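The structure under discussion appears below in the form of structure tokens.
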Number of protein chains: 2
Amino acid sequence: MPRAATTTDAFNAVAEPRRREILDALAEGERPVNDLVMLLDLAQPQVSKHLRVLREVGLVVSRDEGRQRVYRLNGRPLKTIYEWVSRYERTWNEKFAALDDVLDDLKQKEKPNARKRR
Amino acid sequence: MPRAATTTDAFNAVAEPRRREILDALAEGERPVNDLVMLLDLAQPQVSKHLRVLREVGLVVSRDEGRQRVYRLNGRPLKTIYEWVSRYERTWNEKFAALDDVLDDLKQKEKPNARKRR
DNA sequence: AAATTATATGCCGATATAGGAATATATCAA
DNA sequence: TTGATATATTCCTATATCGGCATATAATTT
């Protein structure tokens, strides 16, 4: 069984750094494909392919404008990632870590035989 | 050129749902491999393999305890993901969106020929 | 109609998966 | 020492990917 398709979800789509760059560029405003090509210094077909993946997971939407196709960001699917990773904020944030220590101490007073984590 | 290795960074390591499950389990406290095997209902070799990937990107560390190997979470590498995805919070958060609208209006008063996004 | 511009798709090749099964290694128990 | 337990590694196979290149499609201009 190979890896899950890049179009499976936002997690997989966004694991590719070029696609994150594309999203970053679109965060400043919608753009036609060729703008992205020049901005990111990528070959046009690769940009179109990356955009296809991003569209399939709903991270971008497009609109035709003459012979250009203008792509626009839709960050909504990133919410899933944000929500998952947010739960871990305490593991690198010192303030949270300090708070956890206090809470651990309180718990230990309640049940003296509980063992401490972290 | 194939996809970037799963061990390239946290983005790639965490794109696999089983590995997220493992991290979720470890978030509650360190555990030996077999605990994870039973908890997640996965085959032992697959768990070991997933743990290897997680270790290579620094998301877990291990400690030997008798014949068990106890794994502990290190969320630090997730910070990169958090920081990247946080920049997009406004794209799904209504409050931010409303704020952006206000800011857009203010900008339009300054330069009347600026065009509006979103 | 022909040429130009903008974008998408198709084909190719190399490669790193993920799971399954078997096996290796290492520690502990009898 | 033998057996049991805990974990890691190896071999297997199928497949999706990424980039490069060529080409298809579609709209616009001359």
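The values are calculated or read from the model by the stated rules, or taken from the named source; none is laboratory data. This is a predicted model, so every value here is computed, not measured. Glycine gets a Cβ as well: all are built from the backbone with ideal geometry, and neighbour counts include every protein chain shown. These accessible areas exclude ligands, DNA and RNA; they are computed on the full protein's heavy atoms, side chains included. Shrake-Rupley method; radii C 1.70, N 1.55, O 1.52, S 1.80 Å.
3J(HN,Hα) couplings calculated from phi for the stretch B:65-79 with the Karplus curve 6.51 cos²θ - 1.76 cosθ + 1.60 (θ = phi - 60°) are, in sequence order, 9, x, 8, 9, 10, 8, 9, 10, 6, 10, x, 3, x, 6, 4 Hz; Gly and Pro show x. Between the amide H of A:Glu16 and any residue lying 5 or more places away or on another chain, no distance stays under 5 Å, with hydrogens modeled in the peptide plane. The H on the amide N of A:Val60, modeled in the peptide plane, is under 5 Å from the matching H of A:Arg55, A:Asn74, each at least 5 residues off or on a different chain. Whole-Hz Karplus values for the stretch B:35-49 come out as 4, 5, 4, 6, 4, 9, 6, 10, 6, 4, x, 5, 4, 4, 5 Hz, taken residue by residue from phi with 6.51 cos²θ - 1.76 cosθ + 1.60 and θ = phi - 60°; glycine and proline positions read x. Residues of the stretch B:41-79 buried by at least 50 Å² of accessible area upon assembly of all protein chains, compared with the chain on its own (1.4 Å probe): B:Leu78. Taking 7 Å steps out from each Cα toward its Cβ at A:Ala27 and A:Arg52 produces label points 2.7 nm apart. The candidates B:Val53, A:Val47, arranged from most to least accessible area with a 1.4 Å probe in the full protein assembly, appear as B:Val53, A:Val47. Buried area at the B:A interface is about 3100 square angstrom, summed over both chains, from accessible surfaces computed with a 1.4 angstrom probe. The 3J(HN,Hα) values that the Karplus relation (6.51, -1.76, 1.60; θ = phi - 60°) gives for the stretch A:2-8 are, in residue order, x, 5, 4, 4, 5, 8, 5 Hz. Gly and Pro appear as x.
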